[in-house]
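Novice: This is the structure I want to talk about, given as structure tokens.
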Amino acid sequence: MKKELTCISCPIGCAMTAEYQTDGSVAVTGNQCSRGAQYARDELVDPRRVVTATCRTESLSHPRLPVRSKGPCPRDQIPSLLEEIYKMSVKLPVRLGDVLGVLGGVEIVASRSMPPR
Amino acid sequence: MRTNDPLDVLVIGAGVSGASIARKLSAYELDVALVDKECDVSFGTSKSNSGIIHGGFHHSVRHLKARLEIRGNAMFDQLHKELGFPFRRCGILVVATHSDEMKVIGQLYAQGVENGSVGIEMCSRERMLELEPKLSPDVLGGLHAPSGGIIEPYRFVFCLVESARRNGVQLHTDFKVAAGTFDGASWLVRAEDGRSLRARYVVNAAGLFADEVSRAFQAEEIPLTPRKGEYFLLDRSTPACPARVLFPVPSHNSKGVLVIPTVEGTVLVGPTAKDIHDKTDLSTTAEELEKIFDYAKRLVPRVSQGDVITSFAGLRPVLKDEDFFIDFSSVVPQLIQVAGIQSPGLTASPAVGEYVKDLLRKAGVALTEKKTFDPFIEQVPRLREAGPWEAESLIQADPRYGNVVCRCEKVSEAEIVAAIRKGHTTMDGIKYFTRAGMGRCQGGFCTSRILKILTRETGMAPERITKKGRESFLLRGRL
Amino acid sequence: MDAAVVGGGAAGMAAALEIRKRGARACIIERDDELGGILLQCIHNGFGLHEYKEDLTGPEYAERAVRGVGEAGIAVFTRTTVGEITANGAARELTCYSADHGVMRIFARAAVLAMGCRERNRGNLRIPGSRPAGVYTAGLVQRLVNMEGYIPGRDVVIIGSGDIGLIMARRLQWLGCRVHAVVEIMPYPSGLTRNIVQCLNDFSIPLYLSHVVSRIHGVDRVEGLDVTPIRNGAPDPAGQFHIACDTILLSVGLIPENELSKTAGVLITPETNGPVVDATMMTSVDGIFATGNVLHVHDLVDNVSDESRLTGGFVADYLSGTRPARQVRVKPGSNVRYVNPSRVDPGRGNRLYLRPLIVKNKAELAVRAENRQLRRVVLNHVQPSEMISLTLRERDMTDLSPDAVLEVSLS
């Protein structure tokens, strides 16, 4: 199986190909540096993204709290993660970095502090 | 609909004609109602036009529209004093750039003199450039009509309706006339949604839809042609802003593409004139918009596409003879048709109100002056017009004057709330009343704030808020 | 007041913090409910990679500065809009409106303009068609979605491949909307490649380069739009196609918001739509400085903080009576759209910010004056959507004549 992709490690944006070899390793072509090669490998084997979203608060004046996944999470987990985040309702106050929940092994934290309103 | 007695007069159409008629009639001891199919008044042709009070020289006195234009023009100072809508008698220039155009200038001048246009003068090239230094150097001469002016047309209609209601006129919006049946003494007018009103006399002032209303009453066919006019609005900082309204020499079907200094300080360029079929087609087109700049630059070379902040289109309801038709129906009784109100409809409107009142009187309707008639309406102070001390007292009395919601046009929360409380609960209605959203950022900054205020003031769910009524919802839902 | 800073976003906060650090008194005037500016609605990550060496969200980045402002004892006026700035002798007079304080007149020895940008919109683009509900600028939708929790529509088309539009494409998909296309007039995207990949490719959203939206359809609400390809430099109606949608987002550029600057008589240049500033980031009006997006449109907030910190330092210098002994003009050369500031002080290092007109790898950036090359740098990659910053060192500017003009070029 192979994947064609554009590198995002630096602004050059090399067009790369990452392909599984018969021995199970991944061969990357088109990159100009090792960061690119690593990125391509990750995108093929285990693509991850940082998820950012908002969840409900109980405040009328500030109805949404921005949240984020602590680190990148598996890409195909994102839709179910978002579904859970949208169900959440957070009581104010919160502090930036507060862990609001752990969903599928991913920590969701508050992206800002919000006083009670 | 207070009692079972029929209304004396039902006016259909709350554009400038209907609003004027309603206000005029509200000065008499009559039960009057005003209806409109839109959710707010002035949502038809009256909101998308040039905003010009014409100088009374464009049409021969043998046309009804010319006589009403002259009479209407003269009434604006008094109306402005009573109602307080933005209005300025800045004057009009008709610009000739070819020698054969000077002949037409002569004709217009003669017409203006015959009509009684106050202060009209024929101008040499030097006089034209003295009056307007930004004119194209190709100007050969022209006409100056100092009685011409500019107004904010939707504000004018809002004021007329507010005054009419203050004096007892009932307003029913979202009232689309479906049928009228006469029982020998009065009309039963039924709306599409089932509501009905009964009135002895009906005035059809439904603009583009006057033909459909007439049909609903089984009255004569009114063969209207929608004539589209497209406009550009230029930023208030444009160097191309003239001191007076600039006209080219008119063509066979239109007064031409103008350069108009609006009373709010922006510049309107347009309109074009193209007859179309679909009376609901208010789309702007690339071809017509291109034409506008070609023509406008002939008047003011400094007009630039880079100054455009938005464009829009309006439709004129045009009759074949290009004149107004204001008279009793020749087919059914007690129905007054007010049709074909294209330019100079805005200028003529106060006189149209008078004219219809006189038609009713001649038909035997008793017109007793209402002793309690109050010609004035409440003025809502505008933050942008207030100097610092005035602003301070406004904010002291109402802190919401201190919250600037629309920063491009300097509109405060207090004015938004006033608009909502006066019944303007759509984004466009608020825009026309306050100017919020009309500036250079075109609502980019104020929209979210206005939505919040609207939700708070009306309790409306945000998904129900519309841009201009019906299905024009702004949002689909909430997370 | 020593310095009044107009705008409490990244630029205003960084400038105020620096002024305070240098011992002068500063206040921030912010029209929104709280400090943070546009960062508060930019809930995605990618901020602070340079400034903090961390990958932060907009609100996270803002909060660090907000905390700093609180700790530094900087007076903050929120829910306050500056209506006018006038130079009143030795003072800058700011006339402000606030529901809580009425009309306030703030007198400061220096003013810093940090008001940011507004978005280019449909009206500016003159897109023909009807005027239904559902046509928005991307930034407005970002605020509506991220701060109010509204869903603007279901089927979206985005006009313009600027970063804000790309970010919103992903945001809307993550909300359950369907983004049908991004339509871009240029033959290359204007946003960062990272965003093309993570916001479009990840969701298989087609990007139509060299295409224009030729008409918007819809009576009450948007019903669709027509897209026309550009061939041989002109729209080719033969290739026109229609996309049904109910929401249109415009991401077609930002314009520095300088209406307030104009009230002060500040000279604005059409090159950037921002004020002309000298080596100390001072505008054409004495004692009025400009920094951040109001000066020129940035793409990295880290650069905004950097530029604004420097500006704060210059304001502090000004307040203590220090002005550059001399300044030398800088102008854009070939393949450079503009350079800010337009003057440098040869007696110290100067940070220059510029934008390229070309896309190139291993591009050479050269600063020349009086027929000699003062500085040469090779840059791995340049593109119009990425601002370049270059520090011109004191030693690069030795032996310059008083009327020398430095030219910055790319090749």
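Novice: Look through C:69, C:183 and report the one residue that is in contact with a His (Cβ under 6 Å, 6 or more places away or on another chain) and more than 9 Å from chain B (Cβ to nearest Cβ).
Specialist: So the residue among C:69, C:183 that is in contact with a His (Cβ under 6 Å, 6 or more places away or on another chain) and more than 9 Å from chain B (Cβ to nearest Cβ) is C:183.
Novice: Could you please let me know if residue C:158 is under 26 Å from residue C:188 (Cβ atoms) and more than 9 Å from chain B (Cβ to nearest Cβ)? Full working, then the answer.
Specialist: Numbers: under 26 Å from residue C:188 (Cβ atoms): yes; more than 9 Å from chain B (Cβ to nearest Cβ): yes.
Here the answer is yes, as residue C:158 does meet what is asked.
Novice: Taking the condition closer than 30 Å to residue C:63 by Cα, open to solvent by 10 Å² or more (accessible area, probe 1.4 Å) and in a loop (DSSP other than H, G, I, E, B), does residue C:278 pass?
Specialist: Judged against the criteria, residue C:278 is not a match.
Novice: Say whether the condition of being among the basic types (Lys, Arg) and open to solvent by less than 50 Å² (accessible area, probe 1.4 Å) is met by at least one residue in the range B:374-396.
Specialist: For the range B:374-396, residues among the basic types (Lys, Arg) and open to solvent by less than 50 Å² (accessible area, probe 1.4 Å): present.
Novice: Evaluate the range B:266-276: report whether one residue or more is in a loop (DSSP other than H, G, I, E, B), outside the structural domain of residue B:139 (by TED's automatic domain parsing), touching a residue at least 40 places away in the same chain (Cβ under 8 Å) and in contact with a strand residue (DSSP E or B) (Cβ under 8 Å, 6 or more places away or on another chain).
Specialist: Looking for residues that are in a loop (DSSP other than H, G, I, E, B), outside the structural domain of residue B:139 (by TED's automatic domain parsing), touching a residue at least 40 places away in the same chain (Cβ under 8 Å) and in contact with a strand residue (DSSP E or B) (Cβ under 8 Å, 6 or more places away or on another chain), one finds none in the range B:266-276, hence no.
Novice: State which residue is surrounded by the most Cβ atoms within 10 Å (Cβ to Cβ) when the search covers only the range C:307-321 and only residues that are more than 21 Å from the chain's Cα centre (by Cα) and of a type in the set (Gly, Ala, Ser).
Specialist: C:316
Novice: Output the residues belonging to the range B:457-474 that are touching a residue at least 60 places away in the same chain (Cβ under 8 Å) and either surrounded by fewer than 18 Cβ atoms within 10 Å (Cβ to Cβ) or in contact with a Pro (Cβ under 6 Å, 6 or more places away or on another chain) (or both).
Specialist: B:470
Novice: Can we say residue B:320 is within 13 Å of chain C (Cβ to nearest Cβ), assigned to a loop (DSSP other than H, G, I, E, B) and surrounded by fewer than 22 Cβ atoms within 10 Å (Cβ to Cβ)? It would help to see each step written out before you state the result.
Specialist: On the way: within 13 Å of chain C (Cβ to nearest Cβ): no; assigned to a loop (DSSP other than H, G, I, E, B): yes; surrounded by fewer than 22 Cβ atoms within 10 Å (Cβ to Cβ): yes.
For residue B:320, the condition - within 13 Å of chain C (Cβ to nearest Cβ), assigned to a loop (DSSP other than H, G, I, E, B) and surrounded by fewer than 22 Cβ atoms within 10 Å (Cβ to Cβ) - is not met.
Novice: Check off (1) under 17 Å from residue C:259 (Cβ atoms); (2) in contact with a helix residue (DSSP H, G or I) (Cβ under 8 Å, 6 or more places away or on another chain) for residue C:58 and give me the number that stays unchecked.
Specialist: Single failed check for residue C:58: (1).
Novice: Take residue C:133 and tell me if it is open to solvent by less than 20 Å² (accessible area, probe 1.4 Å) and more than 8 Å from chain B (Cβ to nearest Cβ).
Specialist: Details: open to solvent by less than 20 Å² (accessible area, probe 1.4 Å): yes; more than 8 Å from chain B (Cβ to nearest Cβ): no.
Criteria not met by residue C:133.
Novice: Might you let me know whether the range C:100-119 holds any residue that is surrounded by fewer than 23 Cβ atoms within 10 Å (Cβ to Cβ) and closer than 24 Å to residue A:115 by Cα?
Specialist: yes
Novice: Here's something else I'd like to know. What number goes with the only condition from (1) over 29 Å from residue C:84 (Cα atoms); (2) open to solvent by less than 40 Å² (accessible area, probe 1.4 Å); (3) among the acidic types (Asp, Glu) that residue C:394 does not pass?
Specialist: Just one mismatch for residue C:394, condition (2).
Novice: Of all residues in the range C:186-219, which are in contact with an Asp or Glu (Cβ under 9 Å, 6 or more places away or on another chain) and either more than 13 Å from every other protein chain (Cβ to nearest Cβ) or among the aromatic types (Phe, Trp, Tyr) (or both)?
Specialist: Across the range C:186-219, the qualifying residues are C:190, C:208, C:209, C:210, C:211.
Novice: Okay, next question. Out of everything in the range B:11-43 that is assigned to a helix (DSSP H, G or I) and of a type outside the set (S, T, N, Q), what residue ends up being most open to solvent (accessible area, probe 1.4 Å)?
Specialist: Among those residues, the one meeting the criterion is B:24.
Novice: Which ranges mark the strands (runs of 3 or more DSSP E) fully within the range C:320-411 that have 3 or more residues being closer than 22 Å to residue C:294 by Cβ?
Specialist: Fully inside the range C:320-411 and qualifying: C:328-332, C:336-340, C:350-356, C:388-392.
Novice: Looking at the range B:235-252 only, could you name the residues that are at pLDDT below 90 and open to solvent by less than 50 Å² (accessible area, probe 1.4 Å)?
Specialist: None; the set is empty.
Quick grid of which residues meet (1) open to solvent by 40 Å² or more (accessible area, probe 1.4 Å); (2) acidic (Asp, Glu); (3) modelled with pLDDT under 95:
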| position | (1), (2), (3) |
| --- | --- |
| B:259 | no, no, no |
| B:264 | no, yes, yes |
| B:309 | no, no, yes |
| B:325 | yes, no, no |
| B:331 | yes, no, no |
| B:336 | no, no, no |
| B:341 | no, no, no |
| B:352 | no, no, no |
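Novice: When the residues of the range C:220-240 are filtered to those that are among the small types (Gly, Ala, Ser) and either away from chain B (no Cβ under 14 Å) or touching a residue at least 60 places away in the same chain (Cβ under 8 Å) (or both), which remaining residue is farthest from residue B:38 (Cα to Cα)?
Specialist: Within the range C:220-240, the first condition is being among the small types (Gly, Ala, Ser), and the residues that meet it are C:224, C:233-234, C:238-239.
Cutting the leftovers down to either away from chain B (no Cβ under 14 Å) or touching a residue at least 60 places away in the same chain (Cβ under 8 Å) (or both) gives us C:233, C:238-239.
Details: C:233: 44, C:238: 39, C:239: 38 Å.
This residue is C:233.
Novice: Show the residue pairs meeting these rules: Cβ distance below 7 Å; 6+ apart or different chains; first residue within the range C:101-127 and at positive phi; second residue open to solvent by 30 Å² or more (accessible area, probe 1.4 Å) and among the β-branched types (Val, Ile, Thr).
Specialist: Going by the 7 Å Cβ cut-off, the qualifying pairs are C:116/C:38.
Novice: Would you pick out the residues in the range C:80-90 that are surrounded by 18 or more Cβ atoms within 10 Å (Cβ to Cβ) and in contact with an Asp or Glu (Cβ under 8 Å, 6 or more places away or on another chain)? Lay out the reasoning, then the answer.
Specialist: Taking the range C:80-90 and keeping what is surrounded by 18 or more Cβ atoms within 10 Å (Cβ to Cβ), we get C:80-83, C:85.
Within the range C:80-90, C:80, C:85 meet the criteria.
Novice: Quick check, is residue B:356 at negative phi and outside any loop (DSSP other than H, G, I, E, B)?
Specialist: Criteria met by residue B:356.
Novice: Could you check the range C:72-86 and list, in sequence order, the residues that are within 14 Å of chain A (Cβ to nearest Cβ) and either free of Cβ contacts under 8 Å to residues at least 40 places away in the same chain or aliphatic (A, V, I, L, M) (or both)?
Specialist: Passing the criteria: none in range.
Novice: Please give the number of the condition residue C:179 fails out of (1) at pLDDT below 95; (2) touching a Phe, Trp or Tyr at 6+ places or on another chain (Cβ under 9 Å); (3) β-branched (Val, Ile, Thr).
Specialist: Against the list (1) at pLDDT below 95; (2) touching a Phe, Trp or Tyr at 6+ places or on another chain (Cβ under 9 Å); (3) β-branched (Val, Ile, Thr), residue C:179 comes up short only on (1).
Novice: Give the range C:141-155 a look and list any residue that's open to solvent by less than 10 Å² (accessible area, probe 1.4 Å), under 24 Å from residue C:226 (Cα atoms) and within 7 Å of chain B (Cβ to nearest Cβ), or say none.
Specialist: Selection gives C:152, C:153.
Novice: Just to be sure, is residue C:155 out of contact with any Ser or Thr (no Cβ under 9 Å at 6 or more places or on another chain) and under 26 Å from residue A:67 (Cα atoms)?
Specialist: The answer is no for residue C:155.
Novice: With chain A as the region, which strands (runs of 3 or more DSSP E) entirely inside it contain at least 2 residues that are modelled with pLDDT of 90 or more, at the interface with chain C (Cβ under 9 Å from one of its Cβ atoms) and surrounded by 14 or more Cβ atoms within 10 Å (Cβ to Cβ)?
Specialist: Per the criteria, A:52-57, A:64-69.
Novice: Okay, next question. Six or more apart or on different chains, Cβ atoms under 7 Å: show the pairs whose first residue is in the range A:1-14 and assigned by TED's automatic domain parsing to the domain that holds residue A:33 and whose second is part of a loop (DSSP other than H, G, I, E, B) and open to solvent by 60 Å² or more (accessible area, probe 1.4 Å).
Specialist: Within 7 Å, the pairs are A:12/A:32; A:14/A:32.
Novice: Let me ask something else. Of everything in the range C:1-52, what is of a type in the set (Val, Ile, Thr) and within 14 Å of chain A (Cβ to nearest Cβ)? Give them in sequence order.
Specialist: Listed by number, the residues that qualify are C:38, C:43.
The values are calculated or read from the model by the stated rules, or taken from the named source; none is laboratory data. This structure is a prediction, so every number in the text was calculated from the model and none was measured. Cβ atoms come from the backbone with ideal geometry, glycine included; neighbour counts cover every protein chain shown. SASA here: full protein model, heavy atoms, side chains in, ligands and nucleic acids out. Shrake-Rupley method; radii C 1.70, N 1.55, O 1.52, S 1.80 Å.
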